[in-house]
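What follows draws every value from the coordinates through simple rules; no lab data is involved. This structure is a prediction, so every number in the text was calculated from the model and none was measured. Virtual Cβ from ideal backbone geometry, glycine too; neighbours counted across all protein chains shown.
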Amino acid sequence: MPKFVLFFSLTALSVYLAKHFLGDLNYWKILLVSPAIYFSTEAMGALGQLLFPFKNSWPIHADPLKSRDLGNFWGRRWNLWIQDWLRDITGAFKSNSRSQTILLGFLFSGLFHELMCNLPYWLIYRKSYFGTMMAYFLIQGLALWIDKKYIKVSSPFLRRIYCWCAVVIPSPLFINVPLLTFLGLKHV
């Protein structure tokens, strides 16, 4: 199956879920969000590489559609630039438990996204969407724990299906009104 078919199939599922959970939003605008997120982060990565050509920089993503499982998606393929930052933050807490460290990483990622999208939206429009992005990343932490504990013995095909279900099904929590507004896809 070509990558774009998989990508847009997953995006269509995300559109349905966003419409169901977020209400009156234009399907086509939401359909554009997933590629917009991917390509905007790729553009930021390319800009970073242009601005700092002498630094040993790598692409921001490492072909996330080839992810073998959820750990591979979050740990080795999606947003590689943020991973070092999250390791530094979670390393400051000196946890002996890998599960706690991973959960802290998702907690800080959720907090970061809340501060980047939901807080400015609230400051400007006085409408609260607090907790949606945090919930998305905590669900990702829980899904990763389930993957490591129970799904790891499954076939590679089922692990890949589980990965994309875990990323896409809760995506309406992430692709919310503040993010759509930030990307210029929703007017308040």
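If you average 1/r across every pair of different Cα atoms in region 119-188 and take the reciprocal, what Kirkwood value do you get, in Å? Taking every pair of different Cα atoms in region 119-188, averaging 1/r and inverting gives 13.7 Å. Between residue 127 and residue 155, the modelled label-to-label distance comes to 4.5 nm, taking each label 7 Å out from Cα in the direction of the beta carbon. Subtracting the Cα-Cα distance of residue 89 and residue 101 from 0.36 nm times their residue separation leaves 3.3 nm of extension gain.
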